[in-house]
Amino acid sequence: MDSSRMLFLFIVSILLDLLAPAVAQVNDAVCNYTVDFCRRCSYTGTYEDGGAYQKNLHTLLSSFSSNNQTNSGFYNSSTGQDPDKVNAIALCRGDVSLNDCHTCVNLSSSILFKDCLNQDEAIIWGERCMVRYSRKLIFGTQEDEPIKYLPSLSSATDPEEFDLVLNLFLDTLTEKAASGDSLKKFAAGHVIIQGSTTNQPIYALLQCTPDLGKQNCSGCLKGAISKIPECCSGKQGGRVLKPSCNLRFETNLFYDFTADSLVALPGKKSTISKAVIVVIITVVAIVFVAMILIGIFISSRMRRRRKKLKLENDNSDDIGVVESLQYDFETIRSATDDFSDANKLGQGGFGAVYKGRLPNGKYIAVKRLSKNSEQGDRELKTEVTLLSQLHHRNLVRLLGFCLKAGERILIYEYVPNASLDHFIFDPINHGHLNWETRYKIIRGISRGLLYLHEDSCPRIIHRDLKPSNILLDEDMNPKIADFRMAQLFMMDQTRGDTKTIMGTYGYMAPKYAIHGRFSVKSDVFSFGVLVLEILSGRKITSFLSAENEEDLLTYAWRNWKADTVTNIIDPVLTTGLGTEMMRCIHIGLLCVQENVTSRPTMTSVVSLLNSHSMTLPLPSRPAYYLHNSETDTTERTQSYESKNPEHVSINEDSITELYPR
């Protein structure tokens, strides 16, 4: 590790020597429109030259510049222990390539090392990226200071009209940027100012750090827009730079053209003559009458159309997907060698799954639904409708479907390492799963669930999350599969009820298993069971026997109370971060709490897994817990810190869920 740091410092010194003319004067005094970098050092605290903080800083920033594990352009992490713990964020502009991102982060880090020497907090805004570090926690927090303004040197031809269009334009892009997912919150585009002689374009780009929620991102960008009159009013271009967000506008294209699009603006105020108003009123009256007549005609057509669609939906052969997803049956038959047993990957309740190879050499997984399955057609419609709209690296991808003479077939991407249960519960294979791989699987499943609950439209409740429905690709990245039991929620819907309870006992939340009530918290419960199984290498029912009525949740809770949490951890995990393991057990117990409102949402779970600084709330008794005395509930008042003082941050921040979602 020391040799890696020395190599990184050597490369940094070479870069600084080569780039000295360009970066030597990068300081607050020349932080203006004409330079590529603008930095701000905080002089509130310092670190010792050659000390632990400096080493942690070099290690963390060098890992950003060489990190190939994400293509989103956003990196946030911490390293070290208090008081020398370093928190850092790197955010690349949403349109830049991964190579350009790494180059910018590397150069920005070099400038900070030189110009902010010994300062324990600093930020630099580059043309293509931003890098920031601090002793304090900076993840998931909207910060508006420090702020920098970089106005253009040129003024607009018609400043009043320019500013009017610009404000409407930036407000429109703000909504688009804030609606981004947990990987990228970015928006870019252009509008045209219609002039008497020429048409003037305005190009703009807005971006937040993806760890902000929609409301905080929107608030940060709106705050930046409100500063434009102070710095850039009537200018042809300008930038407002903040730690949590930034914006830029120009009359020339300054970002990659592939990110550009024409943005439609809402109506804007303008001064018009009385004659024009009379004409407009007359035209509106004529249009209004015409619209009534057209509305009557359309309403009549829509009623007929709805009746037709209802009839089509009742037809089990129509699965409502685009024709381009349909595969020829003979192609699938040939790809699987006529569904030979040699290509059979597994057998499920609704049919068999086969490995296939298309003529172009691409491998596929083929699910052939049983012909005598009573639910086959309905489940086929559910999976095709859902999966054709879902695009996330932690969800299995649907490639298409095939229908012919009673055959119901789904075609998926081929995931070579089978399902999680083939590893975690196998006496031989589970020994190959080190802690780093298990932690990656836990985080990947959490991101996939977060996408289903918050970022997909409509929201989706999986209802059957278990190890056999988690597939592993060649790099052991998890992919959530099997959506035949999934339920769709409207965006404002919080819970649902069903008389048909489907799923696997042990992974089903109690209110769903008993009363048929389900919500996003039902999936959270299943996720908590998965986490405890991955950590322990034991099935949820592995402890049950004629002499023993204890399940995994009971076992985990009993050891948690007895301060023997290490008993839960798989004995083969002889190496790994004990802090991460203990934290994951804590998160797993939070997810399986009997009280639905006490369970965190997947948004909170992802935040807790990505940050080791947030203090976790105490878990209460898990569902299905077989308690023997009243002391089981009173022990909730014991602090986690008193049980594990060496693993707990002194940070006072915590996540509290007040309402179910």
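Numbers below:
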read-out	value
Among 88, 129, 151 - extreme Cα towards positive end, dipole of region 75-222, charges at beta-carbon	88
Charge context of residue 237, other residues only, Cβ under 10 angstrom, K/R +1, D/E -1	+2
Karplus-derived 3J(HN,Hα), 6.51/-1.76/1.60, for each residue of region 396-404, Hz, glycine and proline x	5, 9, 7, 9, x, 8, 8, 10, 6
Difference of contour (0.36 nm per residue) and Cα-Cα distance, residue 214 to residue 334	38.4 nm
Amide H contacts of residue 345 (H built 1.01 Å from N, under 5 Å, at least 5 apart or other chain)	353, 354, 355
Added length on full extension, which subtracts the Cα-Cα distance from 0.36 nm per residue, residue 505 to residue 262	82.3 nm
Cα-centre dipole for region 89-210 with unit charges at Cβ (Lys and Arg positive, Asp and Glu negative), debye to 20	560 debye
Listed pairs 184/214; 148/235; 214/440; 214/242 exceeding 22 Å between Cα atoms	214/440
Karplus-derived HN-Hα couplings along region 528-542 (A = 6.51, B = -1.76, C = 1.60, θ = phi - 60°), whole Hz, x at Gly and Pro	x, 4, 4, 4, 5, 5, 5, 6, 8, x, 10, 6, 4, 9, 5
Rounded to whole Hz, the Karplus (6.51, -1.76, 1.60) HN-Hα couplings of region 108-124, x for glycine and proline	4, 4, 4, 5, 4, 4, 7, 7, 10, 4, 6, 8, 7, 8, 7, 8, 9
Extension gain from residue 434 to residue 137, taking 0.36 nm per residue of separation minus the Cα-Cα distance	104.0 nm
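FYI, it's all coordinate maths here, none of it is from the lab. Fair warning: this is a prediction, and the values are worked out from it, not measured in the lab. Here the Cβ is made from the backbone with ideal geometry for all residues, glycine too, and neighbour counts use every protein chain on show.
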